[in-house]
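Let me begin by presenting the structure, written as structure tokens, before commenting on it.
The values are calculated or read from the model by the stated rules, or taken from the named source; none is laboratory data. These numbers were taken from a predicted model, which means no experiment stands behind them. Methodologically, a virtual Cβ is constructed for each residue, glycine included, from the backbone with ideal geometry; neighbour enumeration extends over all protein chains shown. Keep in mind that these areas ignore ligands, DNA and RNA; they rest on the heavy atoms of the full protein, side chains included. Shrake-Rupley method; radii C 1.70, N 1.55, O 1.52, S 1.80 Å.
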Amino acid sequence: MEEKVGIGRDTDFSRRSILRTSALAGAGIGAAQLLGASPAVALGGTANAKLDKAIKDMVKGRTIKVGFTPPVLSENFTQIESAAWRKMAEFEKRFGVKWVWERQAPVGDFNAVQGTLGIVQSWISRRFDAIAVCTGANFATVQDLYKTANSKGLKVFQFNQPAELYPESDLETVSNIGYDNRWQSGYLAGTYLAKALGGKGKILQIWGPSGSDWTRGRRIGFDKALKENPGIKVVGEADGGYVRDKGFTAAQDLLTKYPDVNAIYGENEEMALGASQAIDAAGLKHWNGKTGILTIGADGLISGFKKIAEGKLTATVDIGGIDQGQNLIETIFATVALGQTVTQIVNNPTQVVDKSNYKWHQAYAQWALDTPRKYGK
Amino acid sequence: MQDNAFAEVSSLKAGSQILKMSHISKRYQGVQALDKVELDVRSGEIHALLGGNGAGKSTLLKILSGLTNPDEGTIFFHGQRVAIESPRSAQELGISMIHQELSIIPDLSVLENIFLGQERLITQRKSWSPWVNRREMAEKVRSVATEFGITEEELWRPAGEFGALKKRSIEIVKALVVRPKILILDEPTSGLEEHEKELLFGHMRSLQRLGVALIWVTHHLDEVFGLADTATIMRDGKSVAQTSIEGINLNDLISLMFGSQAAALIEQPKIDRTAGKAGSKERFKTLEVVGFKREGVLKDISFDLWDGEILGIAGLAGAGRTELMRALMGIDKLDSGSINVFGKIGKIGHPEKAYELGIAMVPEDRKVLGILSEFSIEKSISISKLVNVLKKGFLSAKKEKDLASEFISKFSIKTPNSREKIRNLSGGNQQKVIISRCLNTNPRILIFDEPTQGIDIASKVEVHKLIRELAAAGKSVIVIASELNELIRLSDRIIILREGSIVGELESVPERIQINGYEVVEQDILYKSSRVKV
Amino acid sequence: MRNQSKLSKIISIEGVVILAAFVLMVIFFSLNADSFLIPDSIRYYINEAVPIFIIIVGLTFVIIAGGIDLSIGSVLGLSAGTSLMVSMWGWPFWVAVIVGVFTGLAFGLFNAVIITIFKVNDFIVTLGTLYIAAGALTVITDKIQLIGTKDTNFQRISDMSFLGLTSSIWFALVIVVIFELILLKSPFGRRVFATGIGEVPALISGINTQRTKFGAYLISGGLAGFGGVLLASHLNSVQSGLAGGYELTAIAGAVLGGVSLAGGRGSVWRAIVGALFLTTLNQGLLLMGVNPLIFQIVTGLCILVGVVVDRGVYKFALTFSTQTREVNSQILDRKKVSL
Amino acid sequence: MKLNIAASNSSKSLRNRILQDPSFGIVALLAVAILAMTVLEPSFATGGNVTNIINAMMTVSFLAIGMTVVLIAGGLDLSVGSTMAVTAGVAGNFLSYGMPMGVAFLWALAIGMGIGLINGLIITKLGIPDFIATLATLGIGQGVILLWTQGVPILGYMNDAYYYIGGLKKIAGPISIPMIVVVVISVGMAIILKRTKFGLELYAVGSSPISARNAGVNVDAIKISAYAISGLLAAIAGIHIAGRTTTVPPLIGKGYEISAIAAAVIGGASLLGGKGRVIGALLGALTLTLTRNIINLIGIESSWQAIVTGSVLIGAVLANRASSEFGRKTFRRGKS
């Protein structure tokens, strides 16, 4: 499973190499890491003016209409969107492509399936060029609609979606830009936690809403980590609904019963932050490297990094939101404007972030948020 | 239109003028409800405000009690011009009102109901004080409450637990406890028993002696004599006369109230009922009630009902008259007892069943229990037996219309058309629609609970006529009426209830009246229904 | 005065105002939103709204009978879950349909029993069953991933095409027509109205009001069940939280269409127009590319304005048809009298 | 009969008084649950857990008290959740702009009360049914906060004082500021309901608006005040929850209106108006919080949570009904 990590799959790399070589920044941090360059350097560079011109001629200043629909408005999706804008601004400058960007999120919670369907359908009616979807709807629900979109010549992309849970052959999207929730999030968190605790300890888990695909995926990975570390015992779990106050209350209840736990896993960062507050409220100690309660979440939010800096959150899995945003635009550009093909699954690099490495993750996220241009209304 | 229509019929009694309403006009969305009305009230008088339904009495009282504001006109209170903008400002002036419809707030305790809105007047505290002190209130209202039969314990119970009668007492106590300068009584005796009426009248007199002016609206013209000093008579939104009661008779009043129509009302129509009853046919039993029991309400009640007769049920409040009828209709569950309707023996578990067996009821308290306000006349009439208007399993608009038209012409229901909503009709016409509804089920037994409550004299006469006609046509009729006069004059036979038991029965009432005179019959019933158990 | 009475006659035809507003909105969007009038797009959003149209029919019965049913949304979701589950087990499609409808009926029955026999407040009971149905769906989807049946018959229930419309839409149309007939033309429907106008006078008129209410809740539950079947067949996948919140759209739509929450007033087609108004508003705004964050604001304002206008018209019509002097202020009082 | 009230009340047996209390059913239910949990789950009856439960019930308590006031007046307020979210946003955002805490809170309170006033005005002056009016303002409120924040949580407004206000830091032992605020508000509101004219008029308006009007009560003013109180309490809840969660996600208030209604009704308030008590609202909030606490402690699978909550709601209302029915019957029997 290790080989699945990152964008390191051969096919993927070679097919997208045109963009890569022309602009390092395009590959985001994933490529930057691989090629040993920092994003800041890559940004200013126009490595190959000829190539840029050739692409520019091909694009002919065309406009690409993109619809972007996250399942809910939240910090995580704001970061992804901002990263996408950054890339759009760059491509606009280099290749003369114009963008129409529309972001619509179903108003409601993670389960507002019908909302997402309606939004996507309206874009199909309005003949958008590309549609980027992340939805709490389960995989099966949306495939029919994607098929319709395909048949009308629209390109549908998913981002941040646990596509790995379904057979690749069933996916009707052009590409899924995301990461593997099982190994790149659940398993990473589990092993980090086990390692930090020295392979022994009692832990609590706060999960998202029962039955959601993210939860399902991360649980598979976390369970595998638990199997490999039999010394780690899950003593309690609860539903935190992906939101902070519920995560807080759930963790508070569980901490009363098990004040002696060594770690709390919050399936997403909001809930992990809620758990961190519960530790404060219960007057317990945060993890200091040896003792206290370790907290780990997943997302890679600016607010999470701040808490890591304060020592209130031990770690989080940065799910590569910035890279997802950037890669999403790259893929859209490559397929829509250049007519290339891409792999169906594009997994971005993820990493456990703790006090040792949070600074550059934070700076990277901030870089994306400071996008030179905003799109959409 | 005609200012000079207002005429002083006879000279007024002495006493200083406390209230003068002058040139009061009010339009309700296109309808002239009041047209330059004059009202002149002196302290220490009982001033009857008379008129048919729709004459504008209620609107005038609403203006006086601050519930609505006049379009034009002036109000003088003790010679001072005042504006009565809200119920509160009416209270400040010392104007209290007992409403025609029960104005009780069910979730508040009896005590709270009494002092709600008049805390300051009761305690004489500063108006800005936000506090209420229930104990203090209880002290202040206890004596008046006890007089009207409200016990200490009852003061603290939610008012919703009590029946209509006690609620009326609560309202009266509420009005009296603030020692008003003007007390408005809108049909205060409706639903009251004879002895309670007397109690109320006594109170009215004592208030009068204290110098309180009482404005009294009533449909019971006979009550007016001997109690009221003055009467203002209204017709079609105008005040047509103000007269002293002394030296005027009932017929004069009716003439003033109804103008040209009055003649028809004064002569009561006679219906020949012997045809239906004493013909060659033998009388047969339509209903047999056996051993009705319900804990605390009904104690082993049995009686029979014959075709073509009007059975009156007399009794004081709490005697169980309405409860008996509700049990008969299957509204309340019985502990034991059964009925026999034309040989069908059993229990009635639900009004639906009662209608199936041929029993129909015209309930008391029309606004709350009677009408389905949103329904048109057509729908109101057909609802109890929809089978009659079905065509191939669906409701037929035509059949409903025909059915309604039949009753409209038969009972001369006054309405622009059969699609008019029932709530837009006057009380009397509403009552006729409800009777039509019952008749549509082709009942053999009809129950009338307070059939003429809150309707004007003209309608009352018509309803009485209708009841007699029904009996003449062979139906069995049961009548409950608090007004003994009405009950006695309507019924062929009267059974008397007391504390849930039958304590007496009077056969052939009309004959008895002829032989012994009305007074004797009334005394007899009063004696039996109020006698204390030995 | 004559003109006024003519005008009042026209606008007092119940439902005319909301219909007019709907037409105006359609004109506005066809001018301002590209591809609003494309048949595909219309078909699509109406198809998506079918479950709401179906539950609004049952809801109309309940509201006219003087009750409220908050559970219909999540009952619809649960029924979708049970029917799809059964179909995924390999049972024939008609078994799945029956299971779905019976799931709805079971909740309708439960609501009806607690409300009419135990006499607990309808709002609270159906709020409780809302939780229970939503929870049951969560439990099911937590155990089994309801991601599609292979039974094409089950899928065809909703997606067959006939005269250019999907079978879903046809089902909705048939249901609307049948239940409108029942409501307006059958004795049961008449009793529903009577019960909603006043339980006590209805009872005294010989109507079994409890049975009538019972029936209304059963219809509401059963239709929610059937709506669930259609939704499951259409999506061929079900997840927790499905259709949660539909009840609010349905209630808002019904009220906008002039179904009075106080009971006793309304009709199925008007409720449908109300719902159509809301879904079309949503679709139009989507197609105009309006920021969806202000959808709720616009929708909220539309509901407020719509209801104000509807009531205004009702009062206006009332005034001019009234012959008597007394304007009954009690008609607008929602307090119900109990025996 | 020179009995005073106390005497007349005590003339009924203490047993009957307890049994007839409108909240008896729910108290009994709670007592059984608490007793069972104490026996079954050692960590339940610990001081830590008790403070947890109390802290967790604060938000719903504020809303439930407000909701009770509205229900007493015969209304319904579905907008409290979004009002809470909006005011939490106001408090957080204004603080992060560097506004002094008191001023920011005043703004939040004023806006909460303003929303309540608007609700009241729409309902009374435009005659829109409360359900629909507040459903609309619920949507509008949610839209406003989403539009304002663009979906991004409001961050970075926490300061030391706010940790105390949010109850995350305690002032003495287990006592936190929100607890004190809840107690003060409960006592204050109970006094208002029981001892003032305004309270009496609230019940009167809810029980029978027409009769109340006849008695000289300004029905509209009372109703509007009830909604204003509800909005004000929603704002207090908003200020509190912003401190408790340390960030304000835009959808923070979602579903709270339902919890508030459920709590108020479990506590004996009637949706038909005229009934309800502050203590009932607190009991209702406790019931909901306790349910979740028990689910978490005994490790019921989280997917069952909604089913349990729904059942508890119906069960609690049935229990209340049973006890009030008993109260009426004993009174009747005593009378006859």
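The table below gives the values:
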| item | result |
| --- | --- |
| Pairs beyond 22 Å (Cα-Cα), from B:Lys414/C:Lys185; B:Lys347/B:Lys392; A:Lys306/D:Lys254; A:Lys65/A:Lys374 | B:Lys414/C:Lys185; B:Lys347/B:Lys392; A:Lys306/D:Lys254 |
| Solvent exposure of segment B:285-527 as accessible area per residue, Å², 1.4 Å probe | 36 Å² |
| FRET efficiency estimate (nearest 0.05) - Cβ-Cβ, C:Leu165 to D:Trp148, R0 35 angstrom | 0.25 |
| Rg ratio (alpha-carbon, reference 2.2 N^0.38 Å) - chain B | 1.01 |
| Nitroxide proxy distance, nm - points 7 Å out along Cα→Cβ at B:Arg205 and B:Glu356 | 5.5 nm |
| Amide H contacts of B:Ile447 (H built 1.01 Å from N, under 5 Å, at least 5 apart or other chain) | B:Ala360, B:Met361, B:Val362, B:Ile478 |
| Between 0 and 90°, nearest 10: helix B:134-147 axis offset from chain B longest Cα axis | 60 degrees |
| DSSP loop trypsin sites (Lys or Arg not before Pro) with at most 14 other Cβ within 10 Å: longest gap in chain C | C:151-335 |
| Per-residue [θ]222 nm for chain C (sum of -39500 (n - 2.57) over DSSP H runs n ≥ 4, rounded to 500) | -24000 deg cm²/dmol |
| Cleavage-rule hits, trypsin sites (Lys or Arg not before Pro), segment B:448-534, DSSP coil, Cβ neighbours within 10 Å at most 15 | B:Arg531, B:Lys533 |
| The protein assembly as shown - percent of accessible surface contributed by carbon and sulfur, probe 1.4 Å | 59 percent |
| Relative contact order of segment A:184-316, pairs being alpha-carbon contacts under 8 Å that are 6 or more residues apart, as % | 24 percent |
| Helix B:427-440 vs. chain B, principal-axis angle (Cα, 0 to 90°, nearest 10) | 10 degrees |
| List B:Lys62, B:Lys140, ordered by accessible area with a 1.4 Å probe, largest first | B:Lys140, B:Lys62 |
| Calculated Rg and Dmax of chain C using C-alpha coordinates, Å | 20.6, 69 |
| Chain B: angle of helix B:194-209 to the longest principal axis, Cα-based, in degrees nearest 10 | 10 degrees |
| Highest-fluctuation residue, C:Thr82, C:Thr126, C:Thr152 considered, GNM on chain C with Cα pairs under 10 Å | C:Thr152 |
| Helical segments meeting 27 Å axial Cα length and Kyte-Doolittle 1.0 threshold in chain C (DSSP H) | C:39-64, C:93-112, C:122-143, C:268-287, C:295-321 |
| For the protein assembly as shown, the fraction of alpha-carbon pairs in successive 20 Å shells from zero, as % | 8, 32, 33, 18, 8, 1, 0 |
| Backbone N within segment B:425-453 under 17 Å of label point (7 Å from B:Ala473 Cα along the Cβ vector) | B:431-448 |
| Enclosed volume per residue, in Å³, of the convex hull spanned by Cα atoms of segment B:320-440 | 121 Å³ |
| Shape of segment A:184-316, Cα gyration tensor, a/c cut at 1.5 | rounded |
| For segment B:44-187, diffusion coefficient by Stokes-Einstein and Kirkwood Rh (Cα), 10 °C, 1.306 mPa s, µm²/s | 98 µm²/s |
| Solvent-accessible ranking of A:Trp123, B:Trp131, A:Trp85, largest area first, probe 1.4 Å | B:Trp131, A:Trp85, A:Trp123 |
| Quarter of Cα convex hull surface for segment B:104-177, i.e. mean projection, nm² | 4.4 nm² |
| From phi via Karplus (6.51, -1.76, 1.60), per-residue ³J(HN,Hα) for segment D:45-52 in Hz, x at Gly/Pro | 7, 7, x, x, 5, 4, 4, 4 |
| Exposure rank, largest accessible area first [A:Arg244, B:Arg134, D:Arg195; 1.4 Å] | D:Arg195, B:Arg134, A:Arg244 |
| Candidates D:Ile118, D:Ile165, D:Ile132: whichever shows maximal mean-square fluctuation once chain D is modelled as a Gaussian network with Cα springs under 10 Å | D:Ile132 |
| Long-range amide H partners of B:Gly315 with built H, under 5 Å | B:Leu497 |
| Accessible surface of B:Glu462 - all protein chains present, 1.4 Å probe, nearest 10 Å² | 60 Å² |
| Per-pair calculated FRET efficiency, R0 = 25 Å: B:His23 and B:Arg179 via Cβ, rounded to 0.05 | 0.25 |
| Restraint check, B:Lys528/C:Lys119; A:Lys290/A:Lys359; A:Lys200/A:Lys312, Cα-Cα greater than 32 Å | B:Lys528/C:Lys119 |
| Reduced Cα scattering model of chain D, Debye log10 I(q)/I(0), q = 0.09, 0.10 Å⁻¹ | -0.50, -0.62 |
| Chain A, helix-only ellipticity at 222 nm - DSSP H runs n ≥ 4, -39,500 (n - 2.57), divided by all residues, nearest 500 | -13500 deg cm²/dmol |
| Most fluctuating residue given options D:Ala263, D:Ala226, D:Ala172, as computed from a GNM of chain D linking Cα atoms under 10 Å | D:Ala172 |
| B:Asp300 accessible area, assembled protein chains, probe 1.4 Å, Å² | 90 Å² |
| Length-normalised contact order for chain D - Cα pairs under 8 Å, 6+ apart - percent | 34 percent |
| Prolate/oblate/rounded label for segment D:173-230 (Cα gyration tensor, a/c 1.5) | prolate |
| Rounded to the nearest 10 Å², the accessible area of C:Ile175 at probe 1.4 Å | 20 Å² |
| Karplus 3J(HN,Hα) series, Hz, for segment B:223-236 with 6.51 cos²θ - 1.76 cosθ + 1.60 (x for Gly, Pro) | 5, 4, 5, x, 10, 7, 8, 9, 9, 10, 10, 10, 8, 6 |
| Chain B, helix-only ellipticity at 222 nm - DSSP H runs n ≥ 4, -39,500 (n - 2.57), divided by all residues, nearest 500 | -10000 deg cm²/dmol |
| Two-site label geometry, B:Lys333 and A:Glu310: point separation in nm, points 7 Å out along Cα→Cβ | 6.1 nm |
